[in-house]
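Every number in this text was worked out from the coordinates using simple rules, so none of it is lab data. Only a predicted model underlies this, so the values are computations on that prediction, with no experimental measurement involved. Cβ sites come from the backbone with ideal geometry, for glycine too, and all protein chains shown count toward neighbours.
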Amino acid sequence: MHISQIDLLTAIAAMLAVGMCGTAGTQTLVRGVAAQTVLLGIITMMLGIKLHAPHYLWLGGVVLVVKAIAIPGYLAWAVHKLRIRQGGGPTISPVLALLAGCGILTVSFFLAPRIAVDAMGNRGAAGMALALLLIGMLLMLTRRYAINQVIGFLVLENGIFLYGLTQTHGMPLIVEMGVVFDVLVGVLVAGVVIFRLNRSFEHIDVTQLRGLRH
């Protein structure tokens, strides 16, 4: 089976997500999602050149500036302000989380032919997009710190973005950019909530909030 450059880059992005599953350090997670999003920005530009679609070049630039630089930069600043050093890793064993990520990647690879749009010529990218979406959900469900769950949401959103980018002819540029800036606003709002949570309870461990039910 011929593997295109785009499929190869999406596979690298998915493997970065798998590596994030077994990572406990929040700063490492931030760097992981930043690197993953850089790859998505490059893929967007490559598709712009391949399809002779100049608006993809603009979109790729916005993805790099907003999602690969601005959002991770904000999250890194929040980690520094909240004095998060280590911890907040998976609520399950890191090894088990890593194995779950590998399992998701394997299943997504074999499901790629079923969910891919053959006319677009990026069958592998469809499976890797599914892997990002499911791994994002896994990160959101198995992380203790609220800020790590936000990172999981970003991975999930990257999966949705990647599938729409590689398996469709795309939406109008204004809609695509609107989605990118919606993500930016969502992360900023989540950051405000996390700071309020830390101020009120002196931690951002969401598992400890279960005690509020009693």
Answer yes if at least one residue in region 61-69 is basic (K, R), crowded, with 22+ Cβ neighbours inside 10 Å and either over 17 Å from G152 (Cβ atoms) or out of contact with any Pro (no Cβ under 7 Å at 6 or more places or on another chain) (or both), and no otherwise. yes
Would you mind telling me which numbered condition in (1) closer than 30 Å to D118 by Cα; (2) part of a helix (DSSP H, G or I); (3) out of contact with any helix residue (DSSP H, G or I) (no Cβ under 7 Å at 6 or more places or on another chain) G101 fails? (3)
